Every structure is written in structure tokens, then in C-alpha cells.
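The values are calculated or read from the model by the stated rules, or taken from the named source; none is laboratory data. No experiment lies behind these values; they were computed from the predicted model shown. Note: ideal-geometry Cβ built from the backbone for every residue, glycine included; neighbour counts use all protein chains shown.
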Amino acid sequence: MNPLSEESKKRLTKYMDGCAHIWVRDGHVSHHTCSECGEELSVRKEFLPKMRSFTTGNDMLDLKNKLVEMGEWKEFTIYTWKLHHGHPHTKYCYSSNKERIRENYTAWLFLMPRFAELVDEFLKEKEKSHE
């Protein structure tokens with residue numbers, strides 16, 4: 001698994017927070033404006049909010065909660081189920097025991113940082129379908 005690209009982090013941050021803030025200093029040392037949304041903050045540079053890393057359990061839980069909040073959890077799980085069963089490394093998940101299949105799928109789904117990668121892939125697919 002590769003670390004998330006900056007583009008992926010930006011897309012996920014926008015999904016979570018509405019903006020992936022790119023802070024630009026405006027004259028005064030502690031006054032910054034986001035070049036994306038225009039939000040202003042008067043804090044020293046080291047205290048500016050940073051883009052999420054999507055490598056922590058809290059980030060994963062926040063992503064899951066956002067999918068639920070946006071009413072996209074079911075669509076996301078259908079999308080990932082199709083990926084899961086087509087993935088060559090998940091052949092161990094095929095079983096006559098449906099409960100075991102669900103357990104393996106859930107464990108696979110919430111691996112870090114794979115979960116963030118899956119959400120990013122899901123969002124990219126949604127963008128394509130809306131073009």
C-alpha cells in the first residue's frame with residue numbers, strides 16, 4: 001500500500017471539512033487567508049490547521065461517519081464489496097459461511113490506510129459519474 005497522494009488527501013479533506021485550506025499570509029505576520037474559500041485566520045503559521053493525514057483511527061472513523069451522514073454508506077459498501085470480491089488477495093474470503101465472509105470483508109474494509117484509499121476511489125468514481 002502506498003501513502004495517499006497529496007491530491008487524495010486534498011479530496012478527502014474537502015469531503016470531510018468542505019475545504020482543504022491553502023493558507024496564504026496577508027501582510028501581517030499572523031493574518032492568513034485561504035486561497036480556496038477565503039476564510040481568514042489570525043494565528044501564527046505553526047498554529048494554522050493542517051490537512052488531515054488519513055493515517056489515524058480517528059480519521060478513519062470520521063470518514064466512516066461522514067459517509068453515513070451524507071447517506072452514502074450503503075453505496076460505498078456496495079462499491080467496495082465489488083472491489084473486494086474481485087481482488088486477488090481476498091480469495092480467502094470466499095466461503096460457504098456467509099458470516100465468515102462478512103467478517104473478512106469488514107476486517108479488509110477497515111485496514112488503515114486502505115479505508116481512506118477506498119473512500120478516495122469511491123469519491124473519484126462519483127466525480128466521474130457526475131461529469
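To keep it simple, each residue is scored yes or no on (1) touching a His at 6+ places or on another chain (Cβ under 9 Å); (2) at positive phi; (3) in contact (Cβ under 8 Å) with a residue 40 or more places away in the chain; (4) not in a helix (DSSP H, G or I).
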{"position": "28", "(1), (2), (3), (4)": "no, no, no, yes"}
{"position": "38", "(1), (2), (3), (4)": "no, yes, no, yes"}
{"position": "41", "(1), (2), (3), (4)": "yes, no, no, yes"}
{"position": "51", "(1), (2), (3), (4)": "yes, no, yes, yes"}
{"position": "54", "(1), (2), (3), (4)": "no, yes, yes, yes"}
{"position": "62", "(1), (2), (3), (4)": "no, no, yes, no"}
{"position": "65", "(1), (2), (3), (4)": "no, no, no, no"}
{"position": "74", "(1), (2), (3), (4)": "no, no, no, no"}
{"position": "78", "(1), (2), (3), (4)": "no, no, no, no"}
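Do any residues in segment 1-24 that are without any contact (Cβ under 8 Å) to a residue 60 or more places away in the chain have Cβ atoms under 6 Å from those of residues that are of a type in the set (Gly, Ala, Ser), where the two are at least six apart or on different chains, and which pairs are they?
10/20; 13/20; 14/20; 22/35; 24/35
So in segment 86-131, with the set limited to residues that are of a type in the set (Lys, Arg) and over 24 Å from residue 56 (Cα atoms), which one is modelled with the highest pLDDT? Outline the logic, then answer.
Let us first name the residues in segment 86-131 that are of a type in the set (Lys, Arg), namely 91, 98, 100, 102, 114, 124, 126, 128.
From what is left, the residues that are over 24 Å from residue 56 (Cα atoms) are 91, 98, 100, 126, 128.
On the way: 91: 50, 98: 68, 100: 72, 126: 91, 128: 88.
Within segment 86-131, the match that is modelled with the highest pLDDT is 126.
Here is a yes/no grid of residues against (1) at pLDDT 80 or above; (2) surrounded by 18 or more Cβ atoms within 10 Å (Cβ to Cβ); (3) of a type in the set (D, E, K, R):
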residue: 3; (1), (2), (3): no, no, no
residue: 6; (1), (2), (3): yes, no, yes
residue: 15; (1), (2), (3): yes, yes, no
residue: 26; (1), (2), (3): no, no, yes
residue: 32; (1), (2), (3): yes, yes, no
residue: 38; (1), (2), (3): yes, no, no
residue: 43; (1), (2), (3): no, no, no
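Can you pull out every residue in segment 108-131 that is under 18 Å from residue 64 (Cβ atoms) and in a loop (DSSP other than H, G, I, E, B)?
110, 111, 112, 113
Can you find, within segment 64-85, the residue that is modelled with the highest pLDDT among those that are touching a Leu at 6+ places or on another chain (Cβ under 7 Å) and either buried (at least 16 other Cβ atoms within 10 Å of the Cβ) or of a type in the set (S, T, N, Q) (or both)?
If we take residues in segment 64-85 being touching a Leu at 6+ places or on another chain (Cβ under 7 Å) and either buried (at least 16 other Cβ atoms within 10 Å of the Cβ) or of a type in the set (S, T, N, Q) (or both), then 76 is modelled with the highest pLDDT.
Quick check on segment 26-46. Is at least one of its residues under 17 Å from residue 121 (Cα atoms) and charged (D, E, K, R)?
Taking segment 26-46 first, the residues under 17 Å from residue 121 (Cα atoms) are none.
No, every residue in segment 26-46 fails to be under 17 Å from residue 121 (Cα atoms) and charged (D, E, K, R).
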